[in-house]
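Have a look at the structure below before the remarks.
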C-alpha cells in the first residue's frame, strides 16, 4: 500500500485540538469573517455537497467540474471560481466526507470498539481514498488533504491510547495503529476478519493492563 504523507508533532497537536464532534452533516472550511466570505462559504458548501452526492452514488470518477456544474445548474466556470481544479474539488469533498463520518462520537467504548467503529464509518470512502492515493504524488491539494486525514486519525488514536500505554509510547503506538487502520481501509474485508485483525493489533500494541 502507498503510505500517507508523514506529519510533524505540531501538525498532530493542531488537528487534535480541532477534532470535536459536529451535530449536522456540513461542509467544513475556513471560518467566514464577513458577508462576502459567508456567501463564498455557502457556495463552497453547496458545491461540495453536490460532489459528495456524486462520489457516494457513482464513485470518484463521477466527480468532475462539469458533472457538479450540471447537477447544480451552474456554468462550469462558476465551479472553478471556487475550486480551480478537479483535484481541489475532490480534495475538499474527501475532507468533508471524512469529517462527517467521524463526527459521530464513539462514546465510552474500549479501544477495540473505537477502532472498529471508525473503520466501519470510513469503509464507504474506500474508492475515493484509493483514488486519492493514486494521485498523491501529482497533486498538492490531494497530498495536503490526505495528510490532514492521517493527522486526524493519529490524533484520535493517541487520545484513545492515553492511559493504555506509557506516555512516552503514545506517539509510536498511535502511528503504528494508524498505519494499520490505513491498511484496513485500503482493502475490502468482512466484518469478522476486520474485527479479528483489530483485536490482534491492539493486543500487541496496547495490551490490557
Inset, instruction - Would you list the helices (runs of 4 or more DSSP H) that sit entirely within region 105-209 and hold 2 or more residues that are outside the structural domain of residue 59 (by TED's automatic domain parsing) and under 14 Å from the mean Cα position of the chain (by Cα)? - result: 111-122, 126-135, 140-161, 170-186
Inset, instruction - Could you list, in sequence order, all residues of region 66-87 that are assigned to a helix (DSSP H, G or I), over 15 Å from residue 54 (Cβ atoms) and in contact (Cβ under 8 Å) with a residue 24 or more places away in the chain? - result: 87
Legend entry - Conditions (1) in the same structural domain as residue 176 (by TED's automatic domain parsing); (2) modelled with pLDDT of 90 or more; (3) buried (at least 17 other Cβ atoms within 10 Å of the Cβ): number failed by residue 95: (1)
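The values are calculated or read from the model by the stated rules, or taken from the named source; none is laboratory data. Computed from a predicted model, the values in this text were never measured in an experiment. No Cβ is skipped: glycine too gets one built from the backbone with ideal geometry, and neighbour counts run over all protein chains shown.
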